[in-house]
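Undergrad: I'd like to ask you about the structure that follows.
Derivation of every value follows stated rules applied to the coordinates shown; laboratory data play no part. Values in this document were obtained by computation on a predicted structure and should not be read as measured data. In this analysis, Cβ positions are derived from the backbone assuming ideal geometry, glycine residues included, and neighbour counts consider all displayed protein chains.
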Amino acid sequence: MELTQKKITNLRVEHITKRFPGVLASDDITLEISEGQILALVGENGAGKTTLMNILMGLYQPDEGRILINGEEVHFRSPNDAFAAGLGMVHQQYMLVANMTVLENIALGFKAAWSPYKLNLEMVRDRITEVAKKYGLSVDPDAYIWQLSVGEQQRVELVKTLCLGARFLILDEPTSALTPQETDELIVLLKNMSSELSIIFISHKLQEVKDLSDKITILRHGAVVFEGNTHEHSPSDIAALMTGHEVDLPLNEEPACEGIPVLDIKSLNVKSDRGFLALNDLNLTICSGEIVGLAGVSGNGQRELAESINGLRKVENGEIQFYGENIANKSPHHIIEAGMGYIPEERNTEGIVPSFSMKENLILKDTEHKEFSRYAFLKNKAIDKNAEDLRVKFDIRSPNISIAAGSLSGGNIQKVILAREISRRPKFLIAVYPIRGLDLGAAEFIHKQLLEIRHEGIGILLISEELDEILDLSDRVAVIFKGQIQKVLARKDANRRSLGILMAGVKDDQTV
Amino acid sequence: MNFIVNILSLGIPFSVALLIASLGEMFNQRAGVFNLGCEGIMAMGAFLGMLVPYSIGQGGPTSGMYNVLGLGLAMVVGALLGIFFAFVVVTFRAPQGIAGIGLQMFGVGTAGTLFRHFIGGTQSVPGIGNLPIPGLSKIPLIGPIFFSHNILVYLAFLFVPLAWYILFKTPWGLRVRAVGTNPRAADSIGIQVNRVRYQALAVGGALAGLAGAYLSLAQVKMFSDEIIAGRGFIAVALVYFGHWHPVKIMGGALLFSLAQALQLAIQGQGINFPYEFAVMLPYVMVIIVLAFSRESQLLGPTSLGKSFNREKRV
Ligand SMILES: Nc1ncnc2c1ncn2[C@@H]1O[C@H](COP(=O)(O)OP(=O)(O)OP(=O)(O)O)[C@@H](O)[C@H]1O
Ligand SMILES: [Mg+2]
């Protein structure tokens, strides 16, 4: 395949329509973007952003409409055709092979390193080093993908696309799992790059959209509902245009409640996938009816903490007292029955069974309960009703409740998990990045729900990298660094500055 | 001591048909397709491999050329059957298990019918003789165990590091592993998933054909309906057993074959041991090792058995 070095001075899609069973995913979309421009594509979960980009990359064939590059019509039958034309995409659902290394994953697309009898991995390694240096994105080329956190995988996706040398970049929620610093760096980087290439940028974080883009297009139900210049609109304007109403993220303003300690973690030691101690004598106590936010740069033990509490990772030593019972190294089934709820970080592999229907996924943890089964038979009526109710309440956008959960849009998959975990009313909830990938309206709703179950006396451990989310919701904020709790702050003492210092590893804030 | 040397020098050539077939199956499965039809392709290979030297070389002096032709024909037809299988399960996305059993019955049945038509009865061929390696084969103990076999034995064991190299060090191997683990990711980066699966199935088929021809030309030196005797299915099991890794697969093939040689030796020596149990020994051993070997699902092809459809998300 010959790669053209021709510049893309103008890319235009005309009247693109794409239907999936029961959904009109793209509805007569026409867009245009010229050289050096950054177009932000925003819209609610399920609005059709990813679908349109997949059409641009040759992954989906449009039912109607055409694509023009520099005024000439092109037909992309596969991603190879799109690459040849100079397009490259960072996918929302990471396109990485778990049992191969970062190096091998990038080599897969790096055809220059393919001689028939030997894979020239050194050439790929050099290219990665070059890109990592130039753009300040560091990745370990020899790590296996399965060993990486979601944030690290996202970085690999970015590095991969940059290594392959696209001249037109499509970024589908590239920052959803990056740390705030990495996000800021990426925004600067993309701004610099835009002098030589064009970018389509999809994000639910409107501040980023505002900082980065020149033009904005809003999609709703597959159709373009608004187009404009970014500098003429504020983030809250955009939010209102997108959702149709003013978005107002709720705050936790109730007095810190005085519940009894329900989750008491004592000198917990847990190993990471790579074998070193990820949690090192960690101590943390959480009471009923309070939200404790766990702030920290990802990779400091958050994943291991969530997994070990839920019985998904071996505890080397230490105790996890949950309502008076030590649940360390108990089975996940036992822990769920004891009343633990869990919103995991890996939504596709741990949160849902993609090939099961949405209604089945919504009762996945309660298949043995009286509500949904009797004498080893499932009660289909109750299951349907449950799914219909949750679909309306959580505004899950899907054609019906029997559709395979894996075919929903990224944000709607997240809503399925949230709906299940919140509606089962656990005694305690571990929420890991709960609003990752959600649109603003949905995020607002989820935050209200979390505050509501807190009010009912449920304790919540909220793990997030979004300091705003943590500051909005938490009663207390714990900062994790290198597998230990640096410090626990009351809400009144927590602010961006004090948390930032603790997250960087400075323990004694007297010294700053 | 002699007893042990006997078992080892018998077990090693026994393992070759299994080894070749399971390395072929390994490429299939690494690409995400399991081919239960392996047994059928082996049967065809066994018949065709013997047919050439039997019908062309009949009466005349044994010429190595006819054996090579026979092996070549077995591989070509094996590859074609692999491609046919790909057509059914990759292009038409038929369920792999059922299609594989169909291919197995087709292969075994066709080979038997053609055999009766063209050869019939118990006819043997001179086959491929032993090729003791000068010098090395004279070493006591080591010589008879490792260096007094036919040439295919040496080649089969040389193929183990070669298969490893192909799988882990070449671009094609990389593509095979990618399409078997995450076809969606491979597709998104421009790999033609179905094409790679066709290629892997052709390679796997060729190797299964070769394994069958090895049985009829080098091991048994004749053809019969039961010549494969379930080895095709054992080969499939050995791939799981060996966690899709050539060296571990070789270990499995050796373990099974040595147990078989031991079993034969026990019977041959007239040791007072019920032969029914002796015959079970190799199978029981594989089951025990399988039960105790640790799962390493993470490193295997996680999309094994699933067809790929770009526009379907699940
Ligand atoms: N391959 C598919 N099969 C069936 N339905 C699909 C498929 N891909 C997308 N859809 C449907 O098309 C609609 C648009 O989905 P899309 O993924 O484009 O949304 P999105 O705007 O990217 O949302 P999000 O912000 O949640 O990522 C959804 O209703 C989704 O369920
Ligand atoms: Mg999307």
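Undergrad: Ignore the peptide's own chain and count Cβ atoms of other chains within 10 Å of each Cβ in A:405-414; give me the average, rounded. Present the calculation step by step, with values, prior to reporting the outcome.
TA: Details: counts 2, 3, 3, 2, 1, 0, 0, 0, 1, 0.
Per residue, the number of nearby Cβ atoms from other chains is 1 on average.
Undergrad: Once the Cα atoms of helix B:38-55 and of chain B are each reduced to a long axis, what angle between those two axes, in degrees from 0 to 90 to the nearest 10, is obtained?
TA: 50 degrees
Undergrad: Over the Cα atoms of segment B:17-229, how large are the radius of gyration and the largest Cα-Cα distance (Dmax), in Å?
TA: Rg then Dmax for segment B:17-229, in Å: 18.4, 58.
Undergrad: Shielding of B:302-311 by partners, i.e. mean partner chain Cβ atoms within 10 Å per residue?
TA: Mean partner shielding for this stretch: 2.
Undergrad: In degrees from 0 to 90, rounded to the nearest 10, what is the angle of the helix B:64-86 Cα long axis to the longest principal axis of chain B?
TA: Approximately 30 degrees, to the nearest ten.
Undergrad: Further question on the same structure: Taking every DSSP beta bridge with both residues inside the protein assembly as shown, roughly what % is antiparallel (nearest 5)?
TA: Antiparallel: roughly 60 percent of the beta bridges in the protein assembly as shown.
Undergrad: Show me the chymotrypsin sites (Phe, Trp or Tyr not before Pro) within segment B:42-148 that DSSP assigns to loop and that have at most 14 other Cβ atoms within 10 Å of their Cβ. Intermediate results must be reported in sequence, preceding the final value.
TA: Details: sites: B:Phe47, B:Tyr54, B:Tyr66, B:Phe84, B:Phe85, B:Phe87, B:Phe92, B:Phe106, B:Phe115, B:Phe118, B:Phe146, B:Phe147; in loops: B:Phe92, B:Phe147.
Of the chymotrypsin sites (Phe, Trp or Tyr not before Pro), the ones in loops of segment B:42-148 whose Cβ has at most 14 other Cβ atoms within 10 Å are B:Phe92.
Undergrad: If one computes P(r) from the Cα atoms of segment A:10-243, what percent of pairs lie at distances over 21 Å?
TA: Details: 15457 of 27261 pairs.
I get 57 percent for the Cα pairs in segment A:10-243 exceeding 21 Å.
Undergrad: Compute, for segment A:10-243, the length of the dipole vector about the Cα centre, with Cβ point charges of +1 (Lys, Arg) and -1 (Asp, Glu) only. Units Debye, rounded to 20. Numbers along the way, then the final one.
TA: Values: 20 positive and 31 negative charges, 95 e Å.
Rounded to the nearest 20 debye, it is 460 debye.
Undergrad: Restricting the calculation to Cα positions, tell me the Rg (one decimal) and the Dmax (whole number) of segment A:318-362 in Å.
TA: Looking at segment A:318-362, its Cα Rg and Dmax stand at 13.3, 39 Å.
Undergrad: Need one number: convex hull volume per residue for segment A:340-425, Cα atoms only, in Å³. Write down the numbers at each step before the final one.
TA: On the way: hull volume 7.7 nm³, N = 86.
Spread over its residues, the Cα hull of segment A:340-425 gives 89 Å³ apiece.
Undergrad: Pick from B:Ile128, B:Ile271, B:Ile151: which is most flexible by mean-square fluctuation in a GNM of chain B where alpha carbon atoms under 10 Å apart are linked?
TA: Top of the fluctuation ranking is B:Ile271.
Undergrad: As I understand it, the dipole of segment B:17-229 uses +1 on the Cβ of Lys and Arg and -1 on the Cβ of Asp and Glu, about the Cα centre. Which of B:His117, B:Val88, B:Ile139 lies farthest toward its positive end?
TA: B:Val88
Undergrad: What is the spread of the Cα atoms of chain A along each of their three principal axes, largest first, in whole Å?
TA: Over chain A, Cα extents along the principal axes are 69, 55, 51 Å.
Undergrad: Right, next: If the reach is capped at under 18 angstrom between alpha carbons, list the lysines near A:Lys379, excluding any in the same chain fewer than eight residues apart.
TA: Output for A:Lys379: A:Lys359, A:Lys365, A:Lys370.
Undergrad: Could you state the angle between the C-alpha long axis of helix A:180-193 and the longest principal axis of the C-alpha atoms of chain A, as a value from 0 to 90 degrees rounded to the nearest 10?
TA: Result, in degrees: 10.
Undergrad: Sticking with this structure for a sec: For a distance above 23 Å, tell me the whole-number percent of Cα pairs in segment A:171-326 that qualify. If you can, show how the numbers build up before the last one.
TA: Values: 7119 of 12090 pairs.
Tail of P(r) above 23 Å: 59 percent of Cα pairs.
Undergrad: Would you mind giving the mean number of other chain beta-carbons within 10 Å of the Cβ of each residue in A:91-104, as a whole number? Write down the numbers at each step before the final one.
TA: Working: counts 4, 0, 4, 3, 7, 6, 14, 6, 13, 8, 0, 0, 0, 5.
Mean partner shielding for this stretch: 5.
Undergrad: Structure shown: which of A:Lys111/A:Lys160; A:Lys427/A:Lys482; A:Lys330/A:Lys427; A:Lys111/B:Lys169 lie over 21 Å apart, alpha-carbon to alpha-carbon? Walk me through the numbers on the way to the answer.
TA: On the way: A:Lys111/A:Lys160 13 Å; A:Lys427/A:Lys482 29 Å; A:Lys330/A:Lys427 17 Å; A:Lys111/B:Lys169 14 Å.
Flagged as over cut-off: A:Lys427/A:Lys482.
Undergrad: Would you compute the Debye intensity of segment B:57-168 from its alpha-carbon atoms alone, equal scatterers and no solvent, and pass along log10 I(q)/I(0) at q = 0.10, 0.12 Å⁻¹ to two decimals?
TA: -0.52, -0.73
Undergrad: Check A:Gly437: other-chain or 5+ apart residues with amide H under 5 Å from its amide H, H built from backbone geometry?
TA: Under 5 Å from the amide H of A:Gly437 lies no amide H from a residue far enough along the sequence or on another chain.
Undergrad: Let me ask something additional. Only loop residues by DSSP count here, and only those with at most 12 other Cβ atoms within 10 Å; note down the chymotrypsin sites (Phe, Trp or Tyr not before Pro) in segment A:356-455 that meet that.
TA: Details: sites: A:Phe356, A:Phe372, A:Tyr375, A:Phe377, A:Phe394, A:Phe428, A:Phe445; in loops: A:Phe356, A:Phe372, A:Tyr375, A:Phe394.
Passing both the DSSP loop test and the Cβ count: A:Tyr375.
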